[in-house]
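This report concerns only the one structure given below.
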Amino acid sequence: MNEPSVRRLWALAVPLLVAGLTQIVVNLVDTVMLARLSTRSLSAFALAAPVYLVALVVVRGWATAVQVKVARAHGAGAPGEVVQVVRLGLVTSAGAGLVIGAVLYGVAEPVLTALGATAEIIEPGVAYLRVLAFAVPFAAAAFTLQGACAGIGVTRAAMYHALLVNVVNLPLGLLLIFSFDLGVTGAALATLAATVAGTAFLLVYSRTRLPSARVSAVGSGAVVRGLWAIGWPEMSAMGVGYVNEALIAGFAARIGTSELGAYRIVDNLLLVVFTVMGSVAAPISILAGHELGAGDPARAERWRRTGQRLLLAVYAVPAVLALLFGRPLLSLVTEDAAIADLAWQAVPLAVLSLAPMVPAMSYGCLLRAMGDTRSVMIGNVAGDYLVLVPLAWFLAVPGGWGLPGIYVAWVAFTVVLAIFLGARVRVRLRVGAV
């Protein structure tokens with residue numbers, strides 16, 4: 001059996017990288033188009049988009065459980081179990097998406113009000129969220145199918161899906177935002193249509209890639225309970241954790257409208273770097289899961305170490321590019337010089353905040369492959385609400401540091417997270433709890 005290698009990780013990572021960057025284009029396109037439309041539209045989008053993100057990451061947590069279970073069943077050579085996990089995972093994730101979408105529709109206005117939205121941006125922000133509430137169940141199904149395909153090593157599914165979503169969203173967004181003068185609502189409608197199209201594609205594509213063996217004899221209830229044991233901590237960590245995105249956007253809104261627009265632009269720039277790293281980290285979970293399914297935890301740990309080296313390399317490249325070319329790129333996004341200047345002041349600290357995520361991601365991926373999403377949840381949620389959120393509020397608002405203060409808090413959070421997850425991996429490997 002071949003030793004863990006950067007080449008194998010990279011082969012799985014490239015389609016995920018293309019998918020991640022292509023998905024970001026959807027968000028960047030909306031940001032650029034709405035920035036060109038008006039500061040009001042950009043600010044409404046900046047405050048509402050993180051709220052929609054919370055709904056998406058919650059349903060994505062269930063897809064992580066499906067990927068973990070599929071990877072371990074695939075490594076163990078049990079195609080019937082793969083089929084059963086995928087079928088039950090798809091049904092339950094779509095059902096959860098319906099519930100979460102309904103909640104998002106109902107709480108859109110009170111949530112934006114609580115986040116400090118001014119009267120001028122509440123109406124378009126609420127319209128954006130209520131349209132995208134209908135997209136949540138489709139996104140949930142798409143995440144699950146992508147996770148299932150990734151679990152058996154078919155990461156191309158995510159790439160094809162993302163490319164299709166972008167092909168639909170870009171022209172439709174231009175048409176609805178400008179030609180039909182629908183503004184923020186037009187951006188939401190384009191995203192909804194693209195999400196539905198992407199899910200339809202995955203339903204067809206996955207049928208040709210996933211196993212077609214007879215379903216495992218394991219009872220459905222046991223499979224769902226196994227998914228739940230992995231999925232609920234991941235859903236909680238991602239949902240509760242990403243609430244901080246909405247809270248911090250609210251902090252930026254309280255500083256000023258220009259600061260809110262600048263925060264959204266920097267967040268998009270940072271998202272590019274984070275997505276590159278996340279795309280490389282994901283194969284660690286997949287390949288470590290295969291090894292754990294085959295009963296070899298030592299090789300799973302070697303995949304983590306190899307992945308961490310690759311993560312460091314892929315962090316350094318976009319980080320340097322962001323520092324070298326971030327200023328001119330910001331001027332392309334917005335014509336408002338004040339917003340561009342505010343954004344640039346925060347860029348160096350924002351990029352620095354991702355450096356500790358190199359070890360944090362590698363440790364987190366191995367813990368997920370072990371099925372220990374609870375430790376990942378504890379690290380993220382505790383770090384969010386004991387470090388990130390209070391420190392970001394204190395430094396940015398009463399402390400007067402503005403946007404740089406927010407990213408100082410992010411640096412503190414990522415350092416604490418890396419230390420905690422590293423300690424949990426060492427404990428589990430020492431006691432053999434894999």
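Can you spot a residue in the stretch 400-418 that is open to solvent by 50 Å² or more (accessible area, probe 1.4 Å), outside any helix (DSSP H, G or I) and not charged (D, E, K, R)? Yes, some residue in the stretch 400-418 is open to solvent by 50 Å² or more (accessible area, probe 1.4 Å), outside any helix (DSSP H, G or I) and not charged (D, E, K, R).
Taken across the stretch 222-231, residues that are out of contact with any Phe, Trp or Tyr (no Cβ under 8 Å at 6 or more places or on another chain), assigned to a helix (DSSP H, G or I), aliphatic (A, V, I, L, M) and farther than 20 Å from SER93 by Cα do not occur at all. Candidates in the stretch 291-322 are the residues that are within 14 Å of ARG8 (Cα to Cα) and open to solvent by 50 Å² or more (accessible area, probe 1.4 Å); of these, the one that is farthest from the chain's Cα centre (by Cα) is ARG302.
Restricting attention to the stretch 340-375 and to residues that are of a type outside the set (D, E, K, R) and touching a Pro at 6+ places or on another chain (Cβ under 7 Å), the residue that is most open to solvent (accessible area, probe 1.4 Å) turns out to be GLN345.
Out of the stretch 82-132, which residues are in contact with a Gly (Cβ under 7 Å, 6 or more places away or on another chain) and either among the aromatic types (Phe, Trp, Tyr) or open to solvent by 10 Å² or more (accessible area, probe 1.4 Å) (or both)?
LEU115, GLY116, ALA117, PRO124
Being without any contact (Cβ under 8 Å) to a residue 12 or more places away in the chain and part of a helix (DSSP H, G or I) is the filter here; which residues of the stretch 282-316 pass it? Residues satisfying the conditions are ALA298, ALA313, ALA316. In the condition set (1) free of Cβ contacts under 8 Å to residues at least 60 places away in the same chain; (2) under 29 Å from GLU234 (Cβ atoms), TRP393 is compliant with all but (1).
Given the criteria over 26 Å from ALA133 (Cβ atoms), modelled with pLDDT under 90 and open to solvent by less than 40 Å² (accessible area, probe 1.4 Å), does LEU17 qualify?
Working: over 26 Å from ALA133 (Cβ atoms): yes; modelled with pLDDT under 90: yes; open to solvent by less than 40 Å² (accessible area, probe 1.4 Å): yes.
It is true that LEU17 is over 26 Å from ALA133 (Cβ atoms), modelled with pLDDT under 90 and open to solvent by less than 40 Å² (accessible area, probe 1.4 Å).
Contact map, the stretch 38-55: residues that are open to solvent by less than 10 Å² (accessible area, probe 1.4 Å) paired with residues that are of a type in the set (A, V, I, L, M, F, W, C) and outside any helix (DSSP H, G or I), Cβ distance under 8 Å, separation 6+ or inter-chain. Pairs shown: ALA44/ALA117; LEU47/LEU115; LEU47/ALA117. Checking each residue in the stretch 209-239 for being open to solvent by less than 60 Å² (accessible area, probe 1.4 Å), among the aliphatic types (A, V, I, L, M) and at pLDDT below 80 picks out ALA213, MET238.
Looking at ARG225, ARG209, which one is within 24 Å of VAL14 (Cβ to Cβ) and among the basic types (Lys, Arg)?
Being within 24 Å of VAL14 (Cβ to Cβ) and among the basic types (Lys, Arg) holds for just one of ARG225, ARG209, which is ARG209.
For the stretch 65-118, the tally of residues that are under 24 Å from LEU12 (Cβ atoms) and not in a helix (DSSP H, G or I) stands at 3.
The values are calculated or read from the model by the stated rules, or taken from the named source; none is laboratory data. Being a predicted model, the structure only gives us computed values, none of them experimental. Cβ: placed from backbone, ideal geometry, glycine included. Neighbour counts: every protein chain shown. When the accessible area is computed, the model is the full protein with side chains, heavy atoms only, and any ligands, DNA or RNA have been set aside. Shrake-Rupley method; radii C 1.70, N 1.55, O 1.52, S 1.80 Å.
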